[in-house]
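Student: Structure incoming, see below.
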Amino acid sequence: MPEGLERELATYESRTPRSKAAHARATARIPLGVASNYRAYDPYPIFVRDGKGGHLHDIDGNEYIDFNLCFGALMAGHCHPAVVKAVQHRLSTGTMFGMPHDLEWELAEEICNRFPVEMVRFSNSGTEATMHAVRLARATTGRDRIIKMEGGYHGLHDSVLVSLKPKASEVGDPNFPNSVPGGEGVPKATLQNTVVAQFNDIAGVERLFAKYPGEFAAVIVEPIMMNVGILMPDAGYHQALREITRKNGALLIFDEVKTGAKLARGGACEYFGIKPDIVTLAKSIGGGFSLAAFASTREVMGLISDHRVFHGGTYNTNPVAMAAGLATFREVLTPVAYEHVARLNKKLVDGYNSELKSSGLQAYVVSAGSNGALMFFSKPIHNYRDWLTIDSELWRQYWFAMANRGVIAQPYWWDEQWTVSVAHTDADIDRHLEAFAEVAPALAKAQKEPRVVTAAH
Ligand SMILES: Cc1ncc(COP(=O)(O)O)c(C=O)c1O
């Protein structure tokens, strides 16, 4: 372990004794002491007390500028006043009915105005949205197999819990990557139906369509892969996916759970000028509440109207989440907000770039919309297999060193990225960059020290 990382971990432990105790207590009753495996990391995670705008406090009373923002679900920032106001009203007029109400079509209209879709159904998480999207694609085509990208993440249901983070020893032939279960309990039959291609490899997708003619219901893809830091598609990649899927009678599913609200008003569809067959949305569309959606054409969604595909859910469109979503679309994710966030993100990226130059740290910065990431590679990565070579110990030094200086630079884990929210200010970006200026020289030094690099797994 780099000496610098050891020092930062010691500082972290001295600043966060209450988090340590809380985690020890929680592990007795809750596996890993956390509610989602992504929240568990060594030596223990920061336990949160409260958050407001672009900041949060931990239970030891430390304040942080928060660029994690619930894994990118809070472009609105914590407790956005418009969202809080909309939700507060609903708290005294009924929080769930399991009956239809007017907020549903209002939010459906907002989504159809921004995305190239005609009908919408709502759910509560990205996992649900992609699960229904895949099922709709299967029903539309009468086919079972889907293609997903190696290293892509689409939530936790069996069909997509395949090859999210396979080890280097598991990935197999680059032309025909293995379908590797993302943990035990994924049925073997599912693995046969979820076939894997490498991101940015159009020839690979063509090979799969040639190998299984007439068998694929859909290609599901994150328009920008955001579960390996930030991995941009090659120019023309999505256009090519669009053509291949159309030619082969398969649907193209854009999983916009991360990109939907944060890349542009009309998400990746607008950003890349693509009309996929199905779009899935979640995270930042809810402004801090659990809200998700899947949307498509009248024809595809008509399968639900015709009672051929089933979709339901007790918590769907509960008025609290819907009011939060409407306030988010109408009052938070405004053109002015996108300009504000783009300006701040550019300032952050420019600051990182100049610090990389002066410190000599071998890394690069990449950004898209309100997201960005410091990528610990000497040249831009092109697919998941490139990402596997990341120096995870150096990344850990970066994350803990920033946290020790009051900046949660991004969610913990080197496959994530930062989010700039509408609530962040120039002063927040200045503080972030001041912290990085303190941290970068030590990272550059650690990078030069002889040691065995612990890569991603
Ligand atoms: C691209 C993508 N799809 C789906 C999901 C699953 O969303 P949820 O965690 O709301 O189930 C995520 C979560 O990070 C995601 O990044």
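The values are calculated or read from the model by the stated rules, or taken from the named source; none is laboratory data. All of these numbers come straight from a predicted model, not from anything done at the bench. Don't worry about glycine lacking a Cβ; one is built from the backbone with ideal geometry, like all the others, and counts go over all protein chains shown. The protein model used for the area step is the full one, side chains on, heavy atoms only, and it has no ligands, DNA or RNA in it. Shrake-Rupley method; radii C 1.70, N 1.55, O 1.52, S 1.80 Å.
Student: Take H424 and tell me if it is over 19 Å from P81 (Cβ atoms) and touching a helix residue (DSSP H, G or I) at 6+ places or on another chain (Cβ under 7 Å).
Tutor: On the way: over 19 Å from P81 (Cβ atoms): no; touching a helix residue (DSSP H, G or I) at 6+ places or on another chain (Cβ under 7 Å): yes.
Criteria not met by H424.
Student: Out of the residues in segment 7-24 that are of a type in the set (D, E, K, R) and either over 27 Å from E438 (Cα atoms) or touching a helix residue (DSSP H, G or I) at 6+ places or on another chain (Cβ under 9 Å) (or both), state the one that is most open to solvent (accessible area, probe 1.4 Å). Let's see the steps before the verdict.
Tutor: Pass one, segment 7-24, residues of a type in the set (D, E, K, R): 7-8, 13, 15, 18, 20.
After this cut, where a residue has to be either over 27 Å from E438 (Cα atoms) or touching a helix residue (DSSP H, G or I) at 6+ places or on another chain (Cβ under 9 Å) (or both) as well, the list is 7-8, 13, 15, 20.
Working: R7: 136, E8: 27, E13: 68, R15: 58, K20: 99 Å².
In this case the residue turns out to be R7.
Student: If I go through segment 103-158 residue by residue, how many of them are among the polar types (S, T, N, Q), away from the ligand (no atom under 11 Å from the Cβ) and either surrounded by fewer than 18 Cβ atoms within 10 Å (Cβ to Cβ) or over 13 Å from M301 (Cβ atoms) (or both)?
Tutor: Applying the first criterion (among the polar types (S, T, N, Q)) to segment 103-158 yields 113, 123-125, 127, 130, 140-141.
Next, only the ones that are away from the ligand (no atom under 11 Å from the Cβ) stay: 113, 140-141.
Now drop any that are not either surrounded by fewer than 18 Cβ atoms within 10 Å (Cβ to Cβ) or over 13 Å from M301 (Cβ atoms) (or both), which leaves 113, 141.
Selection size over segment 103-158: 2.
Student: Can you confirm whether A293 is within 13 Å of the ligand (Cβ to nearest atom) and crowded, with 24+ Cβ neighbours inside 10 Å? Don't jump to the end; show me each part of the working.
Tutor: Values: within 13 Å of the ligand (Cβ to nearest atom): yes; crowded, with 24+ Cβ neighbours inside 10 Å: yes.
Judged against the criteria, A293 is a match.
Student: Then there's this: Only residues that are without any contact (Cβ under 8 Å) to a residue 24 or more places away in the chain and assigned to a loop (DSSP other than H, G, I, E, B): list them for segment 309-336, please.
Tutor: Answer for segment 309-336, where residues must be without any contact (Cβ under 8 Å) to a residue 24 or more places away in the chain and assigned to a loop (DSSP other than H, G, I, E, B): F310, G312, T334.
Student: Considering each residue of segment 244-290, count those that are within 17 Å of the chain's Cα centre (by Cα) and either hydrophobic (A, V, I, L, M, F, W, C) or within 12 Å of the ligand (Cβ to nearest atom) (or both), and give that number.
Tutor: Residues that pass the stated criteria total 25.
Student: How do the pairs read when you match residues in segment 426-443 that are farther than 14 Å from V349 by Cβ with residues anywhere that are basic (K, R) and open to solvent by 10 Å² or more (accessible area, probe 1.4 Å), using Cβ under 6 Å and keeping only pairs 6 or more apart or on different chains?
Tutor: Qualifying pairs under 6 Å: A435/R405.
Student: Ok, one more. Determine whether segment 337-354 contains at least one residue that is in a loop (DSSP other than H, G, I, E, B) and open to solvent by 20 Å² or more (accessible area, probe 1.4 Å).
Tutor: Taking every residue of segment 337-354 in turn, none turns out to be in a loop (DSSP other than H, G, I, E, B) and open to solvent by 20 Å² or more (accessible area, probe 1.4 Å).
Student: Could we say that G249 is in contact (Cβ under 8 Å) with a residue 60 or more places away in the chain and either aliphatic (A, V, I, L, M) or closer than 24 Å to M75 by Cβ (or both) here?
Tutor: Working: in contact (Cβ under 8 Å) with a residue 60 or more places away in the chain: yes; either aliphatic (A, V, I, L, M) or closer than 24 Å to M75 by Cβ (or both): no.
In short, no.
Student: Within segment 25-37, is even one residue more than 16 Å from the ligand (Cβ to nearest atom), buried (at least 19 other Cβ atoms within 10 Å of the Cβ), more than 15 Å from N404 (Cβ to Cβ) and at pLDDT 95 or above?
Tutor: So in segment 25-37, the residues more than 16 Å from the ligand (Cβ to nearest atom) come out as 25-33.
So of that shortlist, the ones also buried (at least 19 other Cβ atoms within 10 Å of the Cβ) come out as none.
The answer is no, given that none of the residues of segment 25-37 is more than 16 Å from the ligand (Cβ to nearest atom), buried (at least 19 other Cβ atoms within 10 Å of the Cβ), more than 15 Å from N404 (Cβ to Cβ) and at pLDDT 95 or above.
Student: If you take the residues in segment 432-457 that are closer than 25 Å to R39 by Cα and of a type outside the set (A, V, I, L, M, F, W, C), which one is most open to solvent (accessible area, probe 1.4 Å)?
Tutor: H457
Student: Moving on. Could you tell me which numbered condition W418 fails, if it satisfies all but one of (1) of a type outside the set (S, T, Y); (2) out of contact with any strand residue (DSSP E or B) (no Cβ under 9 Å at 6 or more places or on another chain); (3) open to solvent by less than 20 Å² (accessible area, probe 1.4 Å)?
Tutor: Tallying (1) of a type outside the set (S, T, Y); (2) out of contact with any strand residue (DSSP E or B) (no Cβ under 9 Å at 6 or more places or on another chain); (3) open to solvent by less than 20 Å² (accessible area, probe 1.4 Å), W418 fails exactly one: (2).
Student: Only residues that are under 18 Å from R143 (Cβ atoms), among the aliphatic types (A, V, I, L, M), at pLDDT 95 or above and open to solvent by 40 Å² or more (accessible area, probe 1.4 Å): list them for segment 168-193, please.
Tutor: Across segment 168-193, there are no qualifying residues.
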